[in-house]
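Novice: Here it is, the structure, as structure tokens.
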Amino acid sequence: MLALLRLLFIVLLIYYILKIIGRIFFPILVKKMVSKAEQRMRDQQQKQYQNTTETKVGETVIDKKPQQSKTDKNVGEYIDYEEVD
């Protein structure tokens, strides 16, 4: 019975310690994650703005290379089916 109470006390103690630590470090962690996301967004916007300012008026810019269509010539023999009445 004493071992059960001791185990329960240790579990509750660990729970409250983690709860207190979470209250301290969770806001710091969230603030850091938000600032990183904000910095990434700011960098993307700046890169986008720099790409648009480098082009001259009337110039056409293609951002990505068109995909090559890959067709396999060895797909087999074509069979022409006829309808049977």
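Novice: Over the chain, one equal point on each Cα, no solvent: what is log10 I(q)/I(0) by the Debye formula at q = 0.12, 0.20, 0.25 Å⁻¹?
Specialist: Here the Debye-derived log intensity ratios amount to -0.76, -1.04, -1.17.
Novice: Further question: Output the 0 to 90 degree angle, nearest 10, between the alpha-carbon long axis of helix 2-53 and the longest principal axis computed from the alpha carbons of the chain.
Specialist: 40 degrees
Where a number appears in this text, it was derived from the coordinates with a stated rule and is not lab data. Note that the structure is a prediction, hence the values are computed from the model and not measured.
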